[in-house]
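Here is the structure we will look at.
Quick note: the coordinates plus some simple rules give every number you see, no bench work behind them. Source: prediction; values computed, not measured. Virtual Cβ from ideal backbone geometry, glycine too; neighbours counted across all protein chains shown.
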């Protein structure tokens, strides 16, 4: 059994439910591409599928971690939580891509790169601390 308390897994489940329920559905991340109320582009179906798998695997990893524990479960759940928060982070930061109409890239794209690198370092530090 690992030294991580069950409350860690319960907290991750609560955060994942908040991400899936309140944030991703309000952003219409999982809405159908041909939805009539949807006027903007939605992410590619493969990206949406990967995010659904990450959310599900993180939730089931939490259940596994509560029952059996172990360092692999702790680290896997932490990585899954970090990945599941990426769409929200990318929505808040300036866009990386160029405008399809030929407009130049957002001049603040360096902030996005710095934010993603910092986020990856924070997730790595959390894995070290959990493990």
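With 0.36 nm allotted per residue and the present C-alpha distance subtracted, the residue 53-residue 111 stretch has 18.0 nm of extension available. Using the Cβ-Cβ distance between residue 72 and residue 96 with R0 set to 30 Å, the FRET efficiency works out to roughly 0.40. The slack between residue 17 and residue 120, meaning 0.36 nm per residue of separation minus the straight C-alpha distance, is 34.9 nm. In terms of packing, defined here as the mean over residues of other Cβ atoms within 10 angstrom, the peptides 9-15, 111-117 line up highest first as 9-15, 111-117.
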